[in-house]
Amino acid sequence: YQLLPVLEYPQPVYDPLTQYVSAGPPQYIDGTWYTSWIVSNYDPEQQEYQDNLRRQANKQNASNLLTQTDWTAIPSIADPAQSNPFLANQNAFFEYRNQLRQIAINPPIVVEVWPVEPDEVWETV
């Protein structure tokens, strides 16, 4: 018996939203053994499961981002009479948080573009 190495062959291009890749049997190509890959489509049940996983991940991500900016919703933080310095662009955070809330409430399978958190703008009286 002679053991021969099996070299890693690059995975094929596939659509991870509708397909998955699994290892196939090694293939002998030009005197060398290589891994092989099998691209398969999700069946309807698998597709539904994968879509639900993606929705839940997007919901969790949006919820985490909302939690990180909860402090910007405190009314006094943007009131110069109560806070010095005060958050001058609270409305930008309101808009950002509204966009995240829409994702968290009705999570899509794919978020094409995630909202971008605004930079904090602090002013003093």
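The values are calculated or read from the model by the stated rules, or taken from the named source; none is laboratory data. As the structure is a prediction and not an experimental result, all values here were calculated from the model. Cβ placement follows ideal geometry from the backbone for every residue including glycine, while neighbour counts extend to all protein chains displayed. These accessible areas exclude ligands, DNA and RNA; they are computed on the full protein's heavy atoms, side chains included. Shrake-Rupley method; radii C 1.70, N 1.55, O 1.52, S 1.80 Å.
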List, please: which pairs have Cβ atoms under 9 Å, are six or more places apart or on different chains, and start with a residue in the stretch 3-16 that is more than 15 Å from Gln27 (Cα to Cα) and end with one that is open to solvent by less than 100 Å² (accessible area, probe 1.4 Å) and of a type in the set (Phe, Trp, Tyr)? Tyr14/Tyr20; Tyr14/Trp37
Residues that are β-branched (Val, Ile, Thr) and under 18 Å from the mean Cα position of the chain (by Cα), drawn from the stretch 16-68: Thr18, Thr67
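Only residues that are in a strand (DSSP E or B) and surrounded by 12 or more Cβ atoms within 10 Å (Cβ to Cβ): list them for the stretch 14-37, please.
Filtering the stretch 14-37 for residues in a strand (DSSP E or B) gives 19-29, 32-37.
Once the filter is applied, which keeps residues that are in a strand (DSSP E or B) and surrounded by 12 or more Cβ atoms within 10 Å (Cβ to Cβ), the stretch 14-37 yields Gln19, Tyr20, Val21, Gly24, Pro26, Gln27, Thr32, Trp33, Tyr34, Thr35, Ser36, Trp37.
Residue by residue, here is whether (1) touching a strand residue (DSSP E or B) at 6+ places or on another chain (Cβ under 6 Å); (2) farther than 24 Å from Gln11 by Cα; (3) at pLDDT below 95 holds:
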{"residue": "Tyr28", "(1), (2), (3)": "no, no, yes"}
{"residue": "Trp37", "(1), (2), (3)": "yes, no, no"}
{"residue": "Gln50", "(1), (2), (3)": "no, no, no"}
{"residue": "Asn61", "(1), (2), (3)": "no, yes, no"}
{"residue": "Thr69", "(1), (2), (3)": "no, yes, no"}
{"residue": "Thr72", "(1), (2), (3)": "no, yes, no"}
{"residue": "Gln90", "(1), (2), (3)": "no, yes, no"}
Quick one: in the stretch 82-112, which of the residues that are in contact (Cβ under 8 Å) with a residue 40 or more places away in the chain and among the aliphatic types (A, V, I, L, M) is surrounded by the fewest Cβ atoms within 10 Å (Cβ to Cβ)? Val110
